[in-house]
Amino acid sequence: MIHEIEKKEMVDIEKAIPEKGAWTVNERANVGQYVPPEVTVEIFMVSDRLHHKHFNTTVELIYYLCVHINSVNIRYADTKEPRVKFLLMGVEKDQFSTYRKGTGNLMESSSSLDKFRQYADSKRYEYGYPDMVFLMTGFDVYSEEKDGTKSLNVLGIGFVGGLCTQFFVALGEDSAGRFNGMHTLTHEAGHVLGASHDESSPK
């Protein structure tokens with residue numbers, strides 16, 4: 001039996017790295033720099049309580065997340081100079097979501113990402129110094145509009161160009177067991193690697 005994976009319309013937020021205290025790229029510094037033919041991005045995944053409670057065992061969760069990473073690698077298979085591959089380094093089943101901003105089953109995207117960055121940065125050693133940390137959440141991610149209303153169409157958020165810096169995080173919704181977070185993971189990984197939306201100004 002074949003089931004189609006539900007794919008929601010991708011609405012996400014890209015977040016620029018704050019300038020104060022952040023490194024910037026100097027294009028002259030990269031003159032003559034060797035670019036390897038292949039780059040492996042080591043990613044650590046955090047699954048919050050609302051997400052991982054769906055799985056009976058940790059092994060089931062790991063298998064599920066491995067399918068996500070394999071899906072990301074298929075989508076990045078056409079990259080070249082360098083070719084980009086993702087490697088799952090580890091998984092944390094977080095119980096408390098101390099980084100979450102929001103009430104009920106809601107998670108505010110931008111402020112939660114900032115808190116998750118601090119959370120992940122404090123666990124770099126424990127996580128094995130990954131290049132990127134991704135929060136797979138069972139909460140409903142939203143953004144606050146200028147008029148104070150909540151936009152519940154947001155599926156994820158990530159720092160643009162945060163790879164291998166202190167801004168090496170992104171987060172995204174996933175309905176556990178349904179694999180609908182793989183599109184968000186792929187998209188947010190692109191932001192962390194440095195890609196912006198086509199209509200966005202350079203970060």
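Restricting attention to region 112-164, the residues that are under 20 Å from ASP94 (Cβ atoms) and of a type in the set (S, T, N, Q) total 4.
Scanning region 77-97 for residues that are crowded, with 17+ Cβ neighbours inside 10 Å, at negative phi, assigned to a loop (DSSP other than H, G, I, E, B) and not charged (D, E, K, R) yields nothing. Taking (1) free of Cβ contacts under 8 Å to residues at least 40 places away in the same chain; (2) of a type in the set (Val, Ile, Thr); (3) within 18 Å of GLU188 (Cα to Cα); (4) surrounded by fewer than 22 Cβ atoms within 10 Å (Cβ to Cβ) in turn, THR58 satisfies each apart from (3).
Let's see how each residue does on (1) out of contact with any Pro (no Cβ under 7 Å at 6 or more places or on another chain); (2) among the hydrophobic types (A, V, I, L, M, F, W, C); (3) modelled with pLDDT under 95:
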| position | (1), (2), (3) |
| --- | --- |
| ILE17 | yes, yes, yes |
| VAL41 | yes, yes, no |
| ARG49 | yes, no, no |
| ILE62 | yes, yes, no |
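Consider LEU61 against the criteria (1) within 14 Å of the chain's Cα centre (by Cα); (2) under 19 Å from SER47 (Cβ atoms): it satisfies all of them except one. Which criterion is unmet? It is condition (1) that LEU61 fails. Taken together, the criteria place ARG100 among residues that are part of a loop (DSSP other than H, G, I, E, B), buried (at least 19 other Cβ atoms within 10 Å of the Cβ) and of a type in the set (D, E, K, R). Only residues that are over 15 Å from VAL11 (Cα atoms), assigned to a loop (DSSP other than H, G, I, E, B) and in contact with a Phe, Trp or Tyr (Cβ under 8 Å, 6 or more places away or on another chain) were counted across region 130-160, and they come to 2. Put simply, of PHE139, PHE134 the only residue that is of a type outside the set (Ser, Thr, Tyr), out of contact with any Lys or Arg (no Cβ under 7 Å at 6 or more places or on another chain) and surrounded by 21 or more Cβ atoms within 10 Å (Cβ to Cβ) is PHE134.
Screening HIS54 with (1) out of contact with any Gly (no Cβ under 7 Å at 6 or more places or on another chain); (2) at pLDDT 95 or above gives one miss only, at (1). Out of SER111, SER71, SER122, one residue alone is at pLDDT 95 or above, over 15 Å from LEU185 (Cα atoms) and either over 16 Å from the mean Cα position of the chain (by Cα) or buried (at least 16 other Cβ atoms within 10 Å of the Cβ) (or both). It is SER122.
Can you confirm whether region 163-174 contains a residue that is modelled with pLDDT of 95 or more and exposed (fewer than 14 other Cβ atoms within 10 Å of the Cβ)?
no
The values are calculated or read from the model by the stated rules, or taken from the named source; none is laboratory data. None of these values were measured; they are calculated from a predicted model. Methodologically, a virtual Cβ is constructed for each residue, glycine included, from the backbone with ideal geometry; neighbour enumeration extends over all protein chains shown.
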